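Here the structure comes first, spelled out in structure tokens, and everything after it is commentary.
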Amino acid sequence: MKIKFLILISLFQQMAFSNLLSQPNINITPQPQEITFGKGVFTISNETKILYTTESKGVAVMLQDGLNSKIETSESKRKGAKNIIFTLNNKIDKEGYELNISKKNIQIIASTDTGWFYALQSLKQLFPVNFGTLTLKSTSIKIPEVKIKDSPRFSWRAFMLDEARNFKGKDQVKLLLDEMARLKMNVFH
């Protein structure tokens, strides 16, 4: 009886371990509500174009600046391969987003700038290197195929800093605000 139990436990551990190996190692903080893994990758290169709607222009330019490249941005409703496409969907919560990365393109769907911004934070966490140091002049970026649907669980996600007691200075506070943005926090005390 004891041997059967040990065999059953070892089989269960093998199945659990093999399931972990079959999925890519994707760490997004905070963890999205829904995530579905694909098998391929999307490659961002100099041929990639960023297509945006009138509402998402600011976030599209932010992505272009963050990539430190000469990726072309344009307002367009056309679809196509090798593009990063910002799409408006008013049915999504104001801070929610959908991020669909396939072999052909990246589609970022939201109803507000806040949703597109949070989607960019998740996209940056999928990059293999630090987002602030990316340059596409000589290299390309491979991002795993994944579908993410997310919206914040809590409407108030805050951090408090008592600058009077522990003086950090302007540069440290700016770094703290950048980290809050990466973690999709929305209130700074």
- Query: Which percent, to the nearest 5, of DSSP beta bridges fully inside the range 32-189 are antiparallel?
  - Reply: 55 percent
- Item | Burial ranking of peptide ranges 82-88, 182-188 (average Cβ count within 10 Å, highest at the top) | 82-88, 182-188
- Amide H to amide H under 5 Å from GLU72: which residues, 5+ apart in sequence or cross-chain, H placed 1.01 Å off N in plane? ILE50
- Message: Need the full-extension length gain, SER140 to MET62, defined as separation in residues times 0.36 nm minus the C-alpha distance. One decimal, nm.
- Response: 26.2 nm
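Throughout, read-outs are computed from the coordinates displayed, never taken from laboratory work. Bear in mind the structure is a predicted one, so any value in this text is a computation, not a measurement. Quick reminder, even Gly has a Cβ in these numbers, built from the backbone with ideal geometry, and neighbours come from all protein chains shown.
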